[in-house]
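Written out below as structure tokens is the structure these notes cover.
Values quoted throughout were computed directly from the atomic coordinates according to the rules given, and no laboratory measurement underlies them. As the structure is a prediction and not an experimental result, all values here were calculated from the model. Note: ideal-geometry Cβ built from the backbone for every residue, glycine included; neighbour counts use all protein chains shown.
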Amino acid sequence: MARVRTGVRAMGAVLAAVLGVSLMGCSSTGGKRAEERAAEEAAVGRSAVNTPRWTFAMVTHSGDGDTFWDIVKKGAEQAAAKDNINFLYMHNDEGQQQAELVQTAIDKKVDGLIVSLAKPDSMKTVVAKAVKAGIPVITVNSGSAESERFGALTHIGQDESIAGEAVGDELNARGRKKVLCVLHEQGNVGHEQRCAGAKKTFDGTLRNLYVDGTNMPDVQASIEAKLDSDKSIDAVVTLGAPFAAAAVKAKRTAGSKAEIDTFDLNASVAAGLADKTLGFSVDQQPYLQGYEAVDLLWLHRFNQNVLGGGRPVLTGPQVVTADDAEELAQYTNRGTR
Amino acid sequence: MTAPGSTAVPDGADERLLRTSPLRKLLGRPELGSVVGAVAVFVFFALVADSFLETSSIGTVLYAASTIGIMAAPVALLMIGGEFDLSAGVMVTSSALVSSMFSYQMTANVWVGVFVSLLVTLGFGAFNGFVLTRTRLPSFIITLGTFLMLTGLNLGFTKLISGTVSTKTIGDMEGFSSARKVFASYLTLGNVELKVTILWWAALVALATWILIRTRFGNWIFAVGGDAGAARAVGVPVIRTKIGLYLGVAFAAWVSGQHLLFSYDVVQSGEGVGNELTYIIAAVIGGCLITGGYGSAIGAAVGAVIFGMTSKGIVYAEWDPDWFKFFLGAMLLLATLLNAWVRKRAEATT
């Protein structure tokens, strides 16, 4: 009995200590409280229409815990709240699994479907089936070439070639001569298009570097090795926000003077732009892809509206630099940019 | 049979000759627990998810189960034989890539590619079995090596030959439509769409069960998995049995691979990683012991059904996908615990 009591007492003491420390050691910056304040400031979504509560499903090729798709989802949810939509989100990075998820959405007889076509061939049959079942389909993010052929209403996303060309132009404007384009998913068609687009408009030389995107230390080591072996590289372009951070570290250890530029935006990229560790970022506005997809489906259901006239509706590229960074920081912090 | 006081032996009769009632026999089967688990999962989702019971959903769930089940049957046999195959998931993709690329590059009839792929895939299986029996290293290491090599080969070869990560389309080639009928057609009954993989699955499970229960090879599998040394001592050809089991997995990988190819007509080279674990999970839920020597092919099929129902049921129930893996794990754990509990009760009463 005595031993039990000492145990309880010891545990109580530990608890008290933890509580005490956490109360005394309040952080005046960041953390959950700051986030809650930001959330309060952001408009809280509330249904603005009294159309029937339709169900829309979004099925993407995102892997688990992908920051980019989280922002797409936030946009979609915000629009769904406003449009009185029951919004379902599903994802799988395997083509066959993604197709099966679309099939479950068809089984559920949803009123609208949003899909990404990163692996168009796996999705062809099942999208056709949805269209045949009378479900309006909107494609987002990837698949601008296939969208119309598959019978989708509209495609909302960025044209990867055009985005790449914008990078080439920006690099010219910044007077760069020798650039490294870092691809983190070997053979991802969209990634190849980005680097190819940049190569097209860029006046200097641009080389591709393939890295294993699921292994961050490897990404850093590969870039570092490349910067070490060629000191004349004066810019590195990464194709995703998390890889820019790895490139910055690689640059530091390699003692290189190269400018790091990137595709996509997140809080740390915004901070990097502000303190000039990053040159510029090409944003394709994922929030917009989710928001517009849901909104356009609603418009189609409500009013038979279609946008784009059979051509993709572009959400990017928007080139973001240090000038925009400060203003963007609050949005990246709440996870909507 | 040895539990004291559990059987009433009539005076003077030999307890070994005692007739067991069909119910008792049923209780002794390794898949009984998993059947109870499957019923529980079914009832759960029928209550929780509205669209789970719709007829069109049945086709979807069965299809999901069949793609796992085709592989789970030979994987279960392999596990009863005391070995693992971590390369099974990627081998499916390899098999699809081989037939697609061979047909395209040689501009051959698609069926030629399909049979070349059968030979190549059986070659992978034979490689696994041969290296395993020759080196006597654990199958975990051997097939992990094969897994990584195949992953690299898939990407490397595809990039080398077609320049991108996916193969070129073979949908317009001769023999495609007949091959599609065999590997990826479907039958519509009312508004239920039944894929041909369900037939392949049923056939493979029947074949595996027949081998396991009715043939000498089946006895060898149990013997090898129980105690390879003892099996060898009584004259069981251990090496031949193990190579045969790996060939079985390779054959099923070929069937799944061809399904993948002919349902989409192009193949992504990076797919299949991680699926090997799903097959093993299905076999384990179905009552196969990880240590070997015990299990059944029907159990593996029921395991695949549980996996299919759970993974699709969660979607039908509209649960937050962020928690998907957690729900999947929890459901599988509960189904398996129920399975183990039922088996224990069954063993206590026989």
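Of note:
- Angle between chain B longest axis and helix B:238-264 axis [Cα atoms, degrees, rounded to 10]: 50 degrees
- Between A:Gly279 and A:Ile260, A:Asp261, the built amide H atoms are under 5 Å apart, and every one of these is 5 or more places off in sequence or on another chain.
- Potential extension, B:Leu334-B:Lys181 segment - 0.36 nm per residue separation minus Cα distance: 51.2 nm
- Shielding by other protein chains, A:95-104, mean Cβ within 10 Å: 6
- FRET efficiency for A:Asn86 and B:Leu137, using Cβ-Cβ distance with R0 set to 35 Å, rounded to 0.05: 0.05
- Measuring r between the beta carbons of A:Lys177 and B:Thr164 and using R0 = 22 Å, the FRET efficiency lands at 0.15.
- Candidate lysines for bridging to B:Lys168, where Cα separation is under 25 Å - those fewer than 8 sequence places away on the same chain excluded: A:Lys119, A:Lys124, A:Lys129, B:Lys159, B:Lys181, B:Lys195
- As a rough footprinting exposure proxy, the listed residues B:His259, A:His91 were ranked by other beta carbons within 10 Å of their own, and the order from fewest upward is A:His91, B:His259.
- Farthest positive-ward along the range A:239-337 dipole, Cα basis, beta-carbon charges - from A:Ile260, A:Leu288, A:Gly308: A:Ile260
- On Cα atoms only, tilt of B:297-316 relative to the major axis of chain B in degrees: 60 degrees
- Average Cα contact separation per residue, chain A, under 8 Å, 6 or more apart, as relative contact order %: 17 percent
- Candidate cross-link partners of A:Lys249 among the aspartates and glutamates, defined by an alpha-carbon separation under 16 Å and a same-chain spacing of 8 or more, comprise A:Asp218, A:Glu224, A:Asp228, A:Asp234, A:Glu259, A:Asp261, A:Asp275.
- For the range B:50-74, the residues whose backbone nitrogen is under 19 Å from a point 7 Å from the Cα of B:Phe217, taken along Cα to Cβ, are B:70-74.
- Cα shape, the range A:98-137, gyration tensor, a/c 1.5 rule: prolate
- Gaussian network model of chain B, Cα within-10 Å springs - most flexible of B:Thr60, B:Thr278, B:Thr215: B:Thr215
- In order along the range B:87-92, the Karplus-derived 3J(HN,Hα) couplings, from 6.51 cos²θ - 1.76 cosθ + 1.60 at θ = phi - 60°, round to 8, 4, x, 6, 4, 4 Hz, and Gly and Pro are given as x.
- Taking amide hydrogens as placed 1.01 Å from N in the peptide plane, the amide H of A:Val319 sits under 5 Å from those of A:Asp283, each at least 5 positions away in sequence or on another chain.
- Taking Cα atoms only, the orientation of helix B:110-135 departs from the longest principal axis of chain B by about 50 degrees.
- Restricting the range B:221-295 to chymotrypsin sites (Phe, Trp or Tyr not before Pro) that sit in a DSSP loop and have at most 16 other Cβ atoms within 10 Å of their own Cβ leaves B:Tyr294.
- CD proxy at 222 nm, helix term only [per DSSP H run n ≥ 4: -39500 (n - 2.57); per residue of chain A; nearest 500]: -16000 deg cm²/dmol
- Taking label points 7 Å from Cα along the Cα-to-Cβ direction, B:Phe130 and A:Arg53 give a separation of 6.3 nm.
- Scalar couplings 3J(HN,Hα) for the range A:56-72, obtained by applying the Karplus form with A = 6.51, B = -1.76, C = 1.60 to θ = phi - 60°, are 10, 10, 10, 10, 10, 9, 5, x, 5, x, 9, 5, 4, 6, 5, 6, 4 Hz; x denotes Gly and Pro.
- Cα-Cα over 20 Å, subset of A:Lys226/A:Lys257; A:Lys73/A:Lys132; A:Lys200/A:Lys257: A:Lys73/A:Lys132; A:Lys200/A:Lys257
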